[in-house]
1. Extension gain residue A:52-residue A:82, at 0.36 nm per residue separation less the Cα-Cα distance, in nm?
2. Calculate the FRET efficiency for residue A:155 and residue A:300 from the Cβ-Cβ distance with a Förster distance of 30 Å, rounded to the nearest 0.05.
3. If R0 is 22 Å, what FRET efficiency do you get for residue A:260 and residue A:282 from their C-beta distance, rounded to 0.05?
4. Arrange the following residues from fewest to most other Cβ atoms within 10 Å of their Cβ: B:185, A:141.
5. Over region A:56-176, what is the mean sequence separation of C-alpha contacts under 8 Å (at least six apart), divided by residue count, expressed as relative contact order in percent?
6. Quick one: B:141, B:203, fewest Cβ neighbours within 10 Å first, how do they rank?
7. Sort B:298, B:142 so that the residue with the fewest other Cβ atoms within 10 Å of its own Cβ comes first and the one with the most comes last.
8. State, as an integer percentage, the relative contact order of region A:51-309 based on alpha-carbon contacts under 8 Å between residues 6 or more apart.
């Protein structure tokens with residue numbers, strides 16, 4: 001596979017290209033992969049496979065596990081191939097601000113600790129972390145997944161604030177997608193643990209809402225968003241890129257769809273490949289398929305959870 | 001349908017320090033947009049003869065601005081017939097949108113109609129210490145961008161075989177938070193796609209963006225300002241980028257260039273960046289493989305709010321048509337001062 005060193009849009013020393021089979025044949029595959037990543041990558045693309053032998057339009061194996069963090073009110077661990085995300089939700093009671101006295105709130109934060117990637121050093125957080133964090137909170141709010149009024153306990157006096165923290169344990173591409181699935185999974189698992197709320201000035205021990213004392217209730221989710229990131233490289237659309245592919249491809253399109261089929265977000269931050277309507281339509285089709293897949297995986301893990309609980 | 005648009009006209013005798021903006025919504029001899037067939041090429045008069053070969057917008061002799069330091073150049077529209085920067089919109093788009101707006105009884109607060117943008121101004125070479133600078137305003141949204149030309153060295157993680165671009169976004173008030181980091185990243189990636197990165201390897205170009213006023217459509221204004229500042233600094237570019245903000249209301253009608261108040265009322269709004277339509281050379285490659293011309297591709301798309309898929313593509317169409325008009329404005333503004 002590494003025998004012919006083709007141009008591939010990258011300057012190569014004469015040893016690689018001139019000698020035909022000669023010098024390049026002696027070079028090992030791994031060395032070629034490190035020295036000429038673009039050429040190596042395009043050699044694969046010509047055969048319509050990717051570096052890990054996936055077809056172009058197929059995402060990596062996805063697994064979702066719920067409830068791993070015992071002390072959190074809701075948690076999930078999601079793996080997309082090697083990319084691993086842990087999401088945890090803690091519910092706390094807060095006093096809602098005057099202008100939204102009947103609403104709770106959700107605070108989303110995304111962390112990339114140094115464990116996730118050799119490029120992240122302690123003390124200097126990764127550049128993408130605040131961007132993904134902002135994107136996540138935008139998507140969660142604009143999809144309307146959580147009705148903030150559900151989080152209200154006592155109008156004007158107490159409501160829930162859900163602190164959603166997502167930690168990336170292994171950054172191997174498609175960070176936003178994995179983070180979104182982990183956030184959604186954590187919310188499906190999130191259980192209000194029936195804390196008693198006392199309001200100053202009221203009778204002690206009794207709250208106005210029997211709900212809080214009674215059975216643990218789950219958060220109702222509607223319009224759950226699912227996303228798909230595609231890389232665009234010279235006419236090819238690659239679904240769910242890994243970190244190695246992300247270093248070669250410069251252009252990405254992230255499409256977020258919800259259960260109603262609405263487009264929650266089409267996010268394409270720059271990139272040398274221009275996105276024409278045909279490409280966008282194809283990305284949206286791929287995203288629909290992926291959303292269906294993710295929904296099935298999520299439902300399976302939720303029902304597996306419930307089986308475990310009841311048994 | 002009387003689609004008129006507001007473009008700033010600068011009186012050529014205006015005091016250079018205080019440009020006056022004249023919004024001229026009802027120019028009597030303005031031909032109507034609906035009379036122009038969609039498929040025709042932009043009906044602007046031929047561009048004035050270029051005195052220097054590098055005024056295609058991409059290259060500018062960097063030492064020129066040293067000679068012209070005292071001249072603050074402003075964009076102006078001298079010819080009324082050039083006000084036919086028209087909304088070359090497909091008639092059916094116009095009809096459905098107009099009908100939708102009328103049915104809703106919705107008029108925009110500042111009296112514009114759905115396809116009208118706020119007056120645009122672009123001035124360059126304002127900051128004498130910076131290698132390039134530009135100030136772009138759309139109504140009350142004003143952004144000042146400064147470019148410090150290629151400096152030696154790149155940051156640790158970046159590829160030394162290419163030039164790198166560093167963006168610093170300064171908000172008008174408040175601390176720097178996640179929103180500013182996101183804007184920085186989007187702006188950086190957008191500018192990376194228009195610059196010729198291989199012409200100055202192992203250098204860093206800094207773009208500093210200062211928000212002077214924010215009344216909606218902030219990111220597109222910043223992108224336009226940065227692009228003009230890069231031209232002012234003489235950084236080699238592949239093509240220019242024009243950015244536009246479109247809003248989609250619940251009824252499905254699209255409005256252009258919403259203000260902050262309008263953005264909050266809309267079901268969804270999005271920022272779109274298109275490449276500047278090329279005038280002279282036909283690009284090979286991209287346009288032959290897709291059936292769409294070069295300038296219909298999107299460089300950047302950032303959306304807020306959920307919308308039906310059809311609504312997104314409607315906004316794209318409207319954004320493309322408007323970007324043709326803005327790119328005309330940008331080209332004219334850059335050429336006027338080029339000499």
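1. Stretched fully, the residue A:52-residue A:82 segment lengthens by 9.6 nm.
2. 0.20
3. 0.60
4. Fewest-to-most Cβ neighbours within 10 Å comes out as A:141, B:185.
5. 35
6. Values: B:141 24, B:203 18.
Least crowded to most crowded, the residues run B:203, B:141.
7. Details: B:298 23, B:142 20.
Fewest-to-most ranking of B:298, B:142: B:142, B:298.
8. Once normalised by length, the contact order is 21 percent.
None of the figures in this text is laboratory data; all of them are computed from the coordinates on show. As the structure is a computational prediction, the values presented were derived from the model and not from experiment. When we count neighbours, we look across all protein chains shown, and the Cβ atoms used for this are built from the backbone with ideal geometry, even at glycine.
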